[in-house]
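> Got a structure for you, written out below as structure tokens; questions coming shortly.
What follows draws every value from the coordinates through simple rules; no lab data is involved. The structure presented is a predicted model; accordingly, all values stated were derived computationally and were not measured. Neighbour counts are summed over all protein chains in view; Cβ atoms, including those assigned to glycine, are modelled from backbone coordinates with ideal geometry.
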Amino acid sequence: MNRTNTATTPAPRPSANPAIEVRDVVKTFHTRSETVHAVKGVSLEIPRGAVVALLGPNGAGKTTLLDMVLGMTDPTAGTVAVCGEPPRSATSHGRVGAVQQVGGLLPDVTVREAVTMIASLYPDPLPVAEALERSGAAEFAGRKIFKCSGGQQQRVRFALALLPRPELLVLDEPTAGMDVASRTAFWEALRAQTADGLTVVFATHYLQEAEQMADRVVLMDAGRITFDGSVHELRSTSRHHTVSFAWPSDEPVPALPGASKVTRAHGRVSVRTQDADAVARAVLTGTAASELEVSRGGLDEAFAALLRHDDTA
Amino acid sequence: MSLTYTAYDVLRNLRAVSNMFFVAVLPAVLFVLFGVAQGWSSASLPGGNVSAYVMVSMAAYGAITATTGIAGSAAVERLQGWGRQLALTPMGTAGYATTKVTVAMTLAVVPVLVVFTVGLFTNAAMDDLWRWVLSGVLAVVLSSVFALYGLAAGLIFRSDAAVGAASGCLVVLGFFGNVFMPLSGGLLEVARFTPVYGIVGLARYPVTEGTVTTMDGIQTDSVWLLLANTVAWALVFGAAALLAARKATARR
């Protein structure tokens, strides 16, 4: 009865609307002892086909924001539209697939049973075998959920997220707690899905994942968006460079102008500085150093600096 | 409601061996011990014999164990992660409720079938076929009152352990509901106000026609007293579940 087309004619899919449109959204929780301002005025537009990483420390409001996008909770103020619809109607029309951070699975069913159960709730789901295949869960489809590893359970959640043939995929720290190999495999499986214009928004703590997967990075901190741009732009917000050079390990390091931190290891000295040119000039002209290298500060540094709202990192 | 989802949910619960032990095997064993194998089993009652009386009691007990467990775990399941998974699908609260009621009622049929089959092949006897059918149907249908009980427990305490404890309490409620051994005197007077008493009394009505056997002689319960007990407790459990559900959703 869930497959009758007359009863559940899919609503038209207006592809002109952005995948996510968040306007001046505020979310405040009241607990018995305090009031928590989880999201303090966020506006965000994510066009179709974009792959966006949502970064930020714990408690930044990432999960709360994603919960509002998924219709799990309503904003205290402001509006959220998903594919041009209110979030809850977008999810019930099968436009959204999600891998949630706290998404319990029934422990006592097999992977295939779990996928079949959820598939049966959608009017026109992806075939179960295909969802299992695409998510990489096919090889352990006969295993009971409680016997699956954390990484395998994420694959199952991923399979469930693919079932409605979504236009938007929301992933909240999908690789948290996975080992490196599982993480790589997970993102490879996801990358295969993004080829056909799927919009993806994922929250993560791993900057490397943002760098490898996303063409846009949104940084949240303390309930606000503090950065929104490409990975390259995020990196360039760091004014720090590292100047390193070969130096005999038994000789003291010379005093250098503008050096904020000096470390030495394996016969090399590394100098962190905001003025790489001055340090490099002093090293090359005034010392016996050789094999000089200058590198821009990493994503981690840019990230840390943005979170501290300063550039002394 | 999705038939596929419901079927898998029924299957999943049937496979839960420890639950099915308490739902179907234990009542059948208790029936054999207290009904089949006792000297008084062939003593006659207005609509059947004592063995049939014990059979219906145990079937009803199994049925309420089933509905309590299903409804309780349904609440916990929905409040925990699986509810968030379902929230992303077109299945709404009404769909979930319909599915779980169907699952609970289907599983309540299991102990009735098992215990009645044992009764049929041993010494349970009722005067007419309709008495068999009616008492079986009543045991299943009335066990829905305990779905509300399980639901309230699940919504209030939000853990599988609490649902297990609520199921465990059924033994005590069953004792006070005059399910396991005939109560007498003051205890019986109190028992008439406890939640299992009405349900099991109604399910046994085709056998007893209201007679209550006690240590000090025969008493009679009117069908209205049993109905009043059942309806009153349904309202109490229903109200508790409703209040708990409001509180659970208000926290979001």
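> Run the reach check for A:LYS147 against lysines, Cα to Cα strictly under 22 Å, same-chain hits fewer than 8 apart removed. What comes back?
none
> Using a Gaussian network for chain B with springs between C-alpha atoms less than 10 Å apart, which of these wobbles most: B:GLY39, B:GLY47, B:GLY164?
Looking only at B:GLY39, B:GLY47, B:GLY164, the biggest GNM fluctuation is shown by B:GLY39.
> Straight distance only, please: which aspartates and glutamates reach the Cα of B:LYS100 with their own Cα at less than 13 Å, same-chain residues fewer than 8 apart left out?
Answer for B:LYS100, where 13 Å is the Cα cut-off: B:ASP9, B:GLU77, listed by chain and number.
> For region A:20-235, what is the relative contact order in percent, using Cα pairs closer than 8 Å and at least 6 residues apart in sequence? Display every interim value, and only then the final one.
On the way: 427 pairs, mean separation 62.3, N = 216.
The value is 29 percent.
> Any idea how far apart B:VAL231 and A:ASP124 come out in nm if each label point goes 7 Å out from Cα toward Cβ?
So the two model labels end up 5.0 nm from each other.
> Moving on to the next point. Give the distance, in whole Å, between the Cα centre of region B:58-91 and the Cα centre of region A:129-168.
The distance from the Cα centre of region B:58-91 to that of region A:129-168 comes to 23 Å.
> Oh, and also: Residues with amide H under 5 Å of A:ARG48's amide H, sequence separation 5 or more or different chain, H placed in the peptide plane at 1.01 Å from N; which?
A:ALA19
> Here's something else I'd like to know. From other protein chains only, count the Cβ atoms within 10 Å of every residue's Cβ in A:104-116, then give the mean. Can you show the working numbers first?
On the way: counts 9, 3, 7, 2, 4, 5, 2, 0, 0, 4, 4, 0, 4.
That average works out to 3.
> Give me the distance between the Cα centres of region B:185-207 and region B:12-56, rounded to whole Å.
Centre-to-centre distance over Cα atoms comes out at 17 Å.
> Hey, another quick one. Under a Cβ-Cβ cut-off of 10 Å, what is the net charge of the residues other than B:ALA74 that fall near it, where Lys and Arg count +1 and Asp and Glu count -1? Intermediate results must be reported in sequence, preceding the final value.
Values: positive: B:ARG78, B:LYS100; negative: B:ASP9, B:GLU77.
Net charge in that neighbourhood comes out at 0.
> Enter the mean number of other protein chain beta carbons within 10 Å of the beta carbon of each residue in B:6-14, as an integer. Each step should come with its number before you reach the end.
Numbers: counts 2, 3, 8, 4, 0, 2, 8, 1, 0.
Partner Cβ neighbours, averaged per residue: 3.
> With a point put 7 Å past each Cα toward its Cβ, work out how far B:ALA16 is from A:THR285 in nm, to one decimal.
Each label point lies 7 Å from its Cα, and together they span 7.9 nm.
> Can you check what the net charge comes to around A:ALA81, using other residues whose Cβ is under 10 Å from the Cβ of A:ALA81 (Lys, Arg +1; Asp, Glu -1)? It would help to have the intermediate numbers written out before the result.
Values: positive: A:ARG23; negative: A:GLU21, A:GLU45, A:GLU85.
For residues surrounding A:ALA81, the net value is -2.
> If we count every other residue with Cβ under 11 angstrom of A:GLY104's Cβ, Lys/Arg +1 and Asp/Glu -1, where does the sum land? Walk me through the numbers before you get to the answer.
On the way: positive: A:ARG157, B:ARG78, B:ARG84; negative: B:GLU77.
In short, +2.
> Assign one of three labels to the protein assembly as shown, namely rounded, prolate or oblate, based on the Cα gyration tensor with a ≥ b ≥ c the square roots of its eigenvalues; rounded applies when a/c is under 1.5, prolate when it is not and a/b is larger than b/c, and oblate otherwise. Working shown, then result.
Values: a/c = 2.99, a/b = 2.72, b/c = 1.10.
Judged from the Cα gyration tensor, the protein assembly as shown comes out prolate (a/c at least 1.5, a/b above b/c).
> Looking at chain A, do any whole DSSP H helices span at least 20 angstrom along their long axis by alpha carbon and average 0.0 or above on Kyte-Doolittle, and which? Mind showing how you got there, number by number?
Values: long enough: A:180-194 (21 Å, -0.07).
Both cut-offs are met by no helix.
> Compute the distance in nm between two label points, each set 7 Å from the Cα along the Cα-to-Cβ direction, one at B:ARG246 and one at B:ASP216.
It is 4.4 nm.
> Right, here's the next one. Angle, helix B:195-208 long axis vs. longest principal axis of chain B, Cα atoms, 0 to 90°, nearest 10?
So the helix axis and the longest Cα principal axis differ by about 40 degrees.
> Would you calculate, for the protein assembly as shown, the mean residue ellipticity at 222 nm contributed by helices, counting each DSSP H stretch of 4 or more residues as -39,500 (n - 2.57) and dividing by all residues, to the nearest 500? Don't jump to the answer; show the numbers that get you there.
On the way: 22 runs with 275 residues, N = 565.
Per the formula, -15500 deg cm²/dmol.
> While we're here: Which lysines have a Cα lying under 28 Å from the Cα of A:LYS27, excluding residues fewer than 8 positions away in the same chain?
Result set, ordered by chain and number: A:LYS40, A:LYS62, B:LYS247.
> If you keep only loop residues by DSSP, which chymotrypsin sites (Phe, Trp or Tyr not before Pro) in region B:185-252 have at most 13 other Cβ atoms within 10 Å of their Cβ?
On the way: sites: B:PHE193, B:TYR197, B:TRP224, B:TRP233, B:PHE237; in loops: B:PHE193.
Sparse-neighbourhood loop chymotrypsin sites (Phe, Trp or Tyr not before Pro): B:PHE193.
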